[in-house]
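Colleague: Before we start, here is the structure in question, set down as structure tokens.
The values are calculated or read from the model by the stated rules, or taken from the named source; none is laboratory data. If you're wondering where the values come from, they're calculated on a predicted model, not measured in any experiment. Cβ placement follows ideal geometry from the backbone for every residue including glycine, while neighbour counts extend to all protein chains displayed.
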Amino acid sequence: MRFTTLYIALIFILPLLAGCAEDNPFGTVYVEGTVTLDGTPIQEVSVTFIPVDGELSAGGITDINGKFTLTTGGAPSGSGAKPGTYNVAFSKIEVEGAGLSEEEYMAKYRGGTPPVIYHIPQKYENPAASGIEPITVGADKANNKFTFALTSQ
């Protein structure tokens, strides 16, 4: 009976010990940054780090000060990105009439599609057209602070 108790205890303890062996099973490092538009911090910009090697993307949303932290899919919030080279895409769009009731929407747009408002130029959604060079996320989080100065031109 004593052997059974020890065996059951090990079944529950070993997975916990294995989890402690690796603090970050996702292999990500903390990444933060700031986004400005024409020199002013811009809020609610979607920032996406797209890996050149095809691994997992990472993304974040800017706060009122234009600051963001990255999260990789499946990892905890603020987990960062895997070390590597990334293209970066930015987007801030709004669908006109998003807060309207169904009746107001139908009256205003007659069943059509409302216009999309781009708060930053569309070129920033496509890394190949944005003019922003690929960046490198390193293993040392101290070097993973990025500033992106976007322009409305």
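Colleague: Conditions first: (1) of a type in the set (Val, Ile, Thr); (2) assigned to a strand (DSSP E or B); (3) over 16 Å from Asn126 (Cβ atoms). Val47 passes all but one, so which condition is the exception?
Modeller: Of (1) of a type in the set (Val, Ile, Thr); (2) assigned to a strand (DSSP E or B); (3) over 16 Å from Asn126 (Cβ atoms), only one is false for Val47: (3).
Colleague: Restricting to the stretch 94-120, what's the tally of residues that are at pLDDT 90 or above and in contact with a helix residue (DSSP H, G or I) (Cβ under 9 Å, 6 or more places away or on another chain)?
Modeller: At the first step, the residues of the stretch 94-120 found to be at pLDDT 90 or above are 119-120.
Okay, now just the ones that are also in contact with a helix residue (DSSP H, G or I) (Cβ under 9 Å, 6 or more places away or on another chain), so none.
So the count comes out to 0.
Colleague: Is it the case that Pro114 is more than 18 Å from Asp38 (Cα to Cα) and in contact (Cβ under 8 Å) with a residue 24 or more places away in the chain?
Modeller: Details: more than 18 Å from Asp38 (Cα to Cα): yes; in contact (Cβ under 8 Å) with a residue 24 or more places away in the chain: no.
For Pro114, the condition - more than 18 Å from Asp38 (Cα to Cα) and in contact (Cβ under 8 Å) with a residue 24 or more places away in the chain - is not met.
Colleague: Please tell me if Glu103 is of a type in the set (Asp, Glu) and in a helix (DSSP H, G or I).
Modeller: Working: of a type in the set (Asp, Glu): yes; in a helix (DSSP H, G or I): yes.
Spelling it out, Glu103 is indeed of a type in the set (Asp, Glu) and in a helix (DSSP H, G or I).
Colleague: Among the residues of the stretch 122-153, how many are closer than 15 Å to Leu37 by Cβ, under 19 Å from the mean Cα position of the chain (by Cα) and not in a strand (DSSP E or B)? I'd like the intermediate steps shown before the answer.
Modeller: From the stretch 122-153, those closer than 15 Å to Leu37 by Cβ are 122-125, 130-132, 147-153; that's our starting set.
Filter again for under 19 Å from the mean Cα position of the chain (by Cα), leaving 122-125, 130, 132, 147-150.
Cutting the leftovers down to not in a strand (DSSP E or B) gives us 122-125, 130, 132.
Of the residues in the stretch 122-153, 6 are closer than 15 Å to Leu37 by Cβ, under 19 Å from the mean Cα position of the chain (by Cα) and not in a strand (DSSP E or B).
Colleague: Out of the stretch 84-97, which residues are out of contact with any Pro (no Cβ under 8 Å at 6 or more places or on another chain) and either more than 19 Å from Pro127 (Cα to Cα) or in a strand (DSSP E or B) (or both)?
Modeller: Narrowing the stretch 84-97 to residues out of contact with any Pro (no Cβ under 8 Å at 6 or more places or on another chain): 90-94.
Of everything in the stretch 84-97, those that are out of contact with any Pro (no Cβ under 8 Å at 6 or more places or on another chain) and either more than 19 Å from Pro127 (Cα to Cα) or in a strand (DSSP E or B) (or both) turn out to be Phe90, Ser91, Ile93, Glu94.
Colleague: In addition: Within the stretch 58-83, how many residues turn out to be farther than 18 Å from His119 by Cα, in contact with a Ser or Thr (Cβ under 6 Å, 6 or more places away or on another chain) and among the small types (Gly, Ala, Ser)? Lay out the reasoning, then the answer.
Modeller: Step one: of the stretch 58-83, the residues farther than 18 Å from His119 by Cα are 58-59, 69-83.
Applying the additional criterion that residues be in contact with a Ser or Thr (Cβ under 6 Å, 6 or more places away or on another chain) yields 58-59, 71-72, 75, 77-82.
Next cut, among the small types (Gly, Ala, Ser) only: 58-59, 75, 77-81.
Number satisfying all stated conditions: 8.
Colleague: Turning to a different aspect of this structure: If a residue must be within 31 Å of the chain's Cα centre (by Cα) and farther than 30 Å from Thr147 by Cα, how many such residues does the stretch 85-104 contain?
Modeller: The first filter runs over the stretch 85-104 and keeps only residues within 31 Å of the chain's Cα centre (by Cα), leaving 85-101.
Still in the running and farther than 30 Å from Thr147 by Cα: 97-101.
Qualifying residue count, the stretch 85-104: 5.
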